[in-house]
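Notes for the one structure printed next.
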């Protein structure tokens, strides 16, 4: 949790001390790429937890974003999260014992901004320093699993990442992102608990039986690689 705490403190510091460039009437340089960190809380929905934000744990990651224009971008991310749940006895009686597992993800997602996002300039009043956005993509996860013999093994599974977020440009080359991401797995064994793995033997044909994890994170990114302006006096 220490790395999560440090990133959130950094995000708060930049939020308080940043200068909102969207209020400026001048021109600002546009950049093609972003790189940054994110941190927050994770949750899991599956056979061991029926609701989101039950037994929340830490989530963290590093991301890279390439911006095609002010509406469309693609994001690649490496992230990790921990999931946890209660151990139940017969007749679904909850005990004080807990299980947990750690997952490592790699994903790529297409993003769409609802507003034209970027540094404000006097030539295009439609550009805003903030925007909500949505994203959808594909990913892969590596985690431990429990075999029928009771031993642990490393397992690989694909998943579909999707969600919503909010971007805010609080400085010429610094942005803040808040994202709520859901990962829909192609598996029902991410708990690493044999009694929770494919409980009803529906894997392979029942899409609704897949496990789901999610992350609610705050990220800070730095822009680089200047975009060439189409004309000498244009800022977009």
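Summary of values
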{"item": "Within the range 55-67, considering residues that are surrounded by fewer than 18 Cβ atoms within 10 Å (Cβ to Cβ) and either in contact with a helix residue (DSSP H, G or I) (Cβ under 8 Å, 6 or more places away or on another chain) or at pLDDT 95 or above (or both), the one nearest to residue 43 (Cα to Cα)", "result": "62"}
{"item": "Candidate set: the range 209-231, residues that are modelled with pLDDT under 90 and either within 16 Å of residue 31 (Cα to Cα) or within 12 Å of the chain's Cα centre (by Cα) (or both); chosen: the one surrounded by the most Cβ atoms within 10 Å (Cβ to Cβ)", "result": "227"}
{"item": "Test result for residue 118, at positive phi and at pLDDT 80 or above", "result": "yes"}
{"item": "Members of the range 33-54 that are buried (at least 16 other Cβ atoms within 10 Å of the Cβ), touching a strand residue (DSSP E or B) at 6+ places or on another chain (Cβ under 6 Å) and not in a strand (DSSP E or B)", "result": "48"}
{"item": "Single condition residue 72 does not satisfy, out of (1) modelled with pLDDT of 60 or more; (2) within 30 Å of residue 144 (Cβ to Cβ)", "result": "(2)"}
{"item": "Some residue of the range 146-164 being touching a helix residue (DSSP H, G or I) at 6+ places or on another chain (Cβ under 9 Å), surrounded by 14 or more Cβ atoms within 10 Å (Cβ to Cβ) and at pLDDT below 90", "result": "yes"}
{"item": "Number of the condition not met by residue 176 [criteria: (1) at pLDDT 95 or above; (2) surrounded by fewer than 17 Cβ atoms within 10 Å (Cβ to Cβ); (3) in contact with a helix residue (DSSP H, G or I) (Cβ under 8 Å, 6 or more places away or on another chain)]", "result": "(2)"}
{"item": "Subset of the range 57-84 (residues that are without any contact (Cβ under 8 Å) to a residue 24 or more places away in the chain and in contact with a strand residue (DSSP E or B) (Cβ under 8 Å, 6 or more places away or on another chain))", "result": "68"}
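Condition check ((1) closer than 16 Å to residue 193 by Cβ; (2) at pLDDT below 95; (3) touching a strand residue (DSSP E or B) at 6+ places or on another chain (Cβ under 6 Å)) across all residues:
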| residue | (1), (2), (3) |
| --- | --- |
| 88 | yes, yes, yes |
| 93 | no, yes, no |
| 98 | yes, yes, yes |
| 112 | no, no, yes |
| 123 | no, yes, no |
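The values are calculated or read from the model by the stated rules, or taken from the named source; none is laboratory data. Not measured: the values here are computed from a predicted model. As a convention, Cβ positions derive from the backbone with ideal geometry for all residues, glycine included, and neighbour counts pool all protein chains shown.
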